[in-house]
1. Name the shape class, rounded, prolate or oblate, that the alpha-carbon gyration tensor gives for segment 1-82, where a ≥ b ≥ c are the square roots of its eigenvalues, rounded holds for a/c under 1.5, and otherwise prolate holds if a/b is larger than b/c and oblate otherwise.
2. Only helical DSSP H runs with n ≥ 4 go in: add -39500 (n - 2.57) per run for the chain, normalise by residue count and round the 222 nm mean residue ellipticity to 500 deg cm²/dmol.
3. Using Cα atoms only, what is the angle between the long axis of helix 47-57 and the major principal axis of the chain, expressed in degrees (0 to 90) to the nearest 10?
4. Quick check: from the Cα gyration tensor, does the chain come out rounded (a/c under 1.5), prolate or oblate?
5. Relative to the longest principal axis of the chain, what angle (0 to 90°, nearest 10) does the C-alpha long axis of helix 14-26 take?
6. Would you mind pulling out the separation of the Cα centroids of segment 116-180 and segment 1-75, in Å?
7. How high is the relative contact order of the chain? Use alpha-carbon pairs under 8 Å, at least six apart in sequence, and give a whole percent.
8. Just to verify a number: FRET efficiency for residue 40 and residue 111, C-beta to C-beta distance, R0 = 41 Å, to 0.05?
């Protein structure tokens, strides 16, 4: 926390996040997605992430939770029958060192359908593996949807795409979430 600037960092506390979700629902939001800046640079979720996921998904005011900050892909799963994306990796960030997993990401695509009680629930869940290339002078960073890039990629980039796709899929699916498909 920067000294004398408590406004600069909003701590990810379940109670604060639930108050925000409740305000959104009360204001008329049909769907509330909690986007939480949490996690460490690991392909495994940590205890803080797990506790947040449990608390947030236990509330009727939160429909889906996705976490970002880990800069690597982490597992996706359901907690309290709601989707939790522990880590989505990178789409634009770049590290000072060249860490291959730090260039990989997974974009979520969720279809919500109104249930009989008038609330929306996820009826279709997909993840889309992505890869961002490293910026170099004269060569901008580019974000690739891996399945699309594989259609025309040649070696050695094709091999990099295939490795990334395998790693991303293995990590996202580590908890074997029922109903999640690769898009």
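Values quoted throughout were computed directly from the atomic coordinates according to the rules given, and no laboratory measurement underlies them. Here the structure is a predicted model, which means the values were calculated and not measured. Virtual Cβ from ideal backbone geometry, glycine too; neighbours counted across all protein chains shown.
1. In terms of gyration-tensor shape, oblate.
2. -7500 deg cm²/dmol
3. The angle comes out near 50 degrees.
4. On the way: a/c = 2.15, a/b = 1.40, b/c = 1.53.
Here the chain falls in the oblate category.
5. The angle comes out near 70 degrees.
6. 23 Å
7. So the answer I get is 16 percent.
8. 0.85
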